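What follows is a short report on a single structure.
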Amino acid sequence: MPMTLAYWKIKGLAHQIRTLLKYCGEEFEDVTYVQGDGPEFSRASWLDVKYKLGLDFPNLPYFIDGDLKITQSGAIFRHIAKKHNLCGVDAKEETLVNMLFDEVMEFRMGFVRLCYNPDFEKLKPDFLKALPGKLKAFSDYLADHDWLVGKAVTMVDFSLADVLTIHTKLVPNCLDAFPNLKAYVARFEALPAIKEFNESNPAAKFPLNNNSAQFK
């Protein structure tokens with residue numbers, strides 16, 4: 001029975017999960033819900049079924065793997081990565097992967113909060129001013145390594161590559177001062193499964209954010 005991933009018809013928190021599933025060779029049904037246009041931005045497509053799916057804590061994304069039903073994007077992400085040994089080769093690496101995943105999530109949510117804030121244009125200059133410092137922290141950590149932790153891809157690479165890419169949608173040249181990060185994203189996107197996903201999967205063309213966002 002194929003797995004099911006459900007989320008809004010955007011990249012958002014699900015893009016890293018979709019690419020991870022593709023990389024792992026997992027067949028899954030990609031269920032999407034559509035937010036209506038403004039000014040109402042109706043969420044009825046999701047709210048109409050939210051409490052009818054047998055989820056303990058109904059939310060998006062949700063993930064069904066056999067008799068296991070999960071919500072919370074981090075829990076979903078870690079579940080898939082753990083099944084495919086993408087959490088590091090030992091306890092130390094796993095701890096580093098988890099630390100970095102949380103760091104990347106904080107970085108992501110700063111971007112998300114900006115995009116959905118009605119004062120987007122007013123807040124954008126301060127966001128852009130702080131961005132190089134945030135990128136430098138990841139650049140310094142990566143240094144001259146191919147991947148963030150150890151010698152092979154781990155789950156956090158799916159997360160960081162995604163977050164770096166979405167920032168280039170807002171600031172196309174933001175990685176120019178960090179050639180190792182630019183090469184890192186290119187290296188990730190050259191992985192055969194990721195390349196195929198980006199070239200052929202409709203979800204790769206979804207907008208970053210929902211209709212209610214100021215920046216999509």
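With a/c under 1.5 counting as rounded, go ahead and sort region 134-174 into rounded, prolate or oblate using the C-alpha gyration tensor (a ≥ b ≥ c being the square roots of the eigenvalues; past the cut-off, prolate if a/b is larger than b/c, else oblate). Here region 134-174 falls in the oblate category. Bridges between two residues of the chain, per DSSP, are antiparallel at a rate of about 55%.
Surface exposure of the chain, expressed per residue as accessible area with a 1.4 Å probe, stands at 52 Å².
List the lysines whose Cα lies under 20 Å from the Cα of residue 129, skipping any in the same chain that are fewer than 8 positions away. Counting by Cα, and skipping residues close in sequence, residue 129 has these lysines nearby: 169, 182.
Between residue 193 and residue 67, the modelled labels are 2.7 nm apart [label points 7 Å from Cα along Cα→Cβ]. Straight-line cross-link partners of residue 216 among the aspartates and glutamates, defined as a Cα under 16 Å from its Cα and at least 8 positions apart when in the same chain: 37, 119, 121, 162. For the residue pairs 9/134; 22/124; 69/136, the alpha carbons lie more than 32 Å apart in 22/124; 69/136. Considering helices alone, the calculated mean residue ellipticity of the chain at 222 nm is -16000 deg cm²/dmol, with DSSP H runs of length four and up weighted by -39500 (n - 2.57) and normalised per residue.
The share of accessible area on region 20-89 that comes from carbon and sulfur is 49 percent, using a 1.4 angstrom probe.
Listed by chain and number, the lysines whose alpha-carbon sits under 19 Å from that of residue 92, ignoring those within fewer than 8 places in the same chain, are 82, 83, 151. Listed options for Rg and Dmax of the Cα atoms in Å are (i) 17.4, 50; (ii) 19.2, 63; (iii) 18.2, 56. The value calculated from this structure is the one marked (i).
Summed over all non-identical Cα pairs, the Kirkwood treatment of region 27-112 gives a radius of 15.3 Å.
First check a/c for region 1-52, with a ≥ b ≥ c the square roots of the eigenvalues of its C-alpha gyration tensor; if it is under 1.5, answer rounded, and if not, answer prolate when a/b is larger than b/c or oblate otherwise. Oblate, because a/c is 1.5 or more while a/b does not exceed b/c. Under 1.5 on a/c is rounded, so check that first for region 22-70, then, if it is not, pick prolate when a/b is larger than b/c and oblate when it is not; a ≥ b ≥ c are the square roots of the alpha carbon gyration tensor eigenvalues. In terms of gyration-tensor shape, oblate. Subtracting the Cα-Cα distance of residue 136 and residue 49 from their residue separation scaled by 0.36 nm leaves 27.0 nm. Each label was represented as a point 7 Å from its Cα along the Cα-to-Cβ direction; for residue 186 and residue 26 these points are 3.1 nm apart.
The values are calculated or read from the model by the stated rules, or taken from the named source; none is laboratory data. Note that the structure is a prediction, hence the values are computed from the model and not measured. Every residue, glycine among them, receives a Cβ derived from its backbone with ideal geometry; neighbour counts consider all protein chains shown. Remember, those area values only see protein heavy atoms, side chains included, never the ligands or the DNA or RNA. Shrake-Rupley method; radii C 1.70, N 1.55, O 1.52, S 1.80 Å.
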